[in-house]
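This report refers to the structure that appears directly beneath it.
The values are calculated or read from the model by the stated rules, or taken from the named source; none is laboratory data. A quick note: this is a predicted structure, and the numbers were derived from the prediction, not measured. Cβ: placed from backbone, ideal geometry, glycine included. Neighbour counts: every protein chain shown.
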Amino acid sequence: MSGSRAPFPEVTADAPLFRREREVFVPTAHTRGPWDAGQMHGGAPTALVAQHLTALAGEARLARLTFEFLGPVPIAPVRVATSVLKPGRNFQLLEATLSDTVGRPLLLARAVALAPGEVALPGAAAPVPLDPPPAPPADGVLSPFPGLDDAPPEGMHRTGMELRFIAGSVAEDGPARVWMRLPRDLVDDEPPCPAARVCAAADFGNGVSRVVGFGTHLFVNTDLTITLLREPAGEWVLMDSVTNIEPTGVGWAASTLHDESGPIGHSHQTLFVRAR
């Protein structure tokens, strides 16, 4: 897949993912993805949309987010439109569309928002106590990912996110356990909300647990679904990720998501796989 290349505004190390110009969001170079220098990494637009859906949900909690990519998202100005498909005191169904400036939809999203409550649970239904996951290591291991050494210096997988591996690495094929953090604001000086932080990390599931190389294959996710038991606390999201692909060119990547206190949810990606 390829996309049209767009010039970037001057970017600094601490620049946000997007700059706002009235109702338009202009991506910075930190949003760039691994497949084409003119396309965004999926974590950037999904985080932007999640920020809007969180605002639309009000006091309700986002329990599920589903994103459908209609194709590569070019690095170009975008708009976000939201609507409430099903209002309700206990359960809402929300929708968002990310489009280019001429109205062409690029990304569709739906979210289930549930009213928070207090529920007494019998012993058999109570969450199983788990040991807290290991804290993020003091030092991070950042890209370049193997096979991407000739890519531009800025990108979501290089400068946009911080990665700290517990198991696996960017140099290894197979399952991985990695702490991830979005170390910058999302839009101008607006920090990412918890759901946006999760989206920015969850779209890396297929990349950190790849089973084929970036230089030899495409393994692009066509969607991203996230279910959340609760909002993550803090900036860090731990992903236990695994990828499975078939010779038919179809695959999936699944991740269990944690914060520093324990599990918070799961994510799933459907993969389109081809040899380069």
When you look at residue 241, is it buried (at least 16 other Cβ atoms within 10 Å of the Cβ) and not aromatic (Phe, Trp, Tyr), yes or no?
yes
State whether the residues of the stretch 218-230 include one that is polar (S, T, N, Q), surrounded by fewer than 24 Cβ atoms within 10 Å (Cβ to Cβ), assigned to a loop (DSSP other than H, G, I, E, B) and out of contact with any strand residue (DSSP E or B) (no Cβ under 6 Å at 6 or more places or on another chain).
no
Across the stretch 175-210, the tally of residues that are part of a loop (DSSP other than H, G, I, E, B) and either touching a helix residue (DSSP H, G or I) at 6+ places or on another chain (Cβ under 8 Å) or free of Cβ contacts under 8 Å to residues at least 60 places away in the same chain (or both) stands at 11
Against the definition (touching a Leu at 6+ places or on another chain (Cβ under 9 Å), at pLDDT 95 or above and not hydrophobic (A, V, I, L, M, F, W, C)), how does residue 241 come out, yes or no?
no
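Of everything in the stretch 54-67 that's buried (at least 21 other Cβ atoms within 10 Å of the Cβ) and under 10 Å from residue 92 (Cβ atoms), which residue is farthest from the chain's Cα centre (by Cα)? Let's see the steps before the verdict.
Here is the first cut: in the stretch 54-67, the ones buried (at least 21 other Cβ atoms within 10 Å of the Cβ) are 54, 57, 62, 65, 67.
Cutting the leftovers down to under 10 Å from residue 92 (Cβ atoms) gives us 57, 62.
Details: 57: 19, 62: 15 Å.
Looking at the filtered set, the residue picked out is 57.
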Residue pairs qualifying under the 7 Å Cβ cut-off, at least six apart or on distinct chains, with the first in the stretch 141-167 being within 17 Å of residue 210 (Cβ to Cβ) and the second being at pLDDT below 70 and surrounded by fewer than 19 Cβ atoms within 10 Å (Cβ to Cβ), are 151/144; 158/142; 158/144; 163/140; 163/141; 163/142; 165/141
Given 263, 232, which one is modelled with pLDDT under 95 and touching a helix residue (DSSP H, G or I) at 6+ places or on another chain (Cβ under 6 Å)?
232
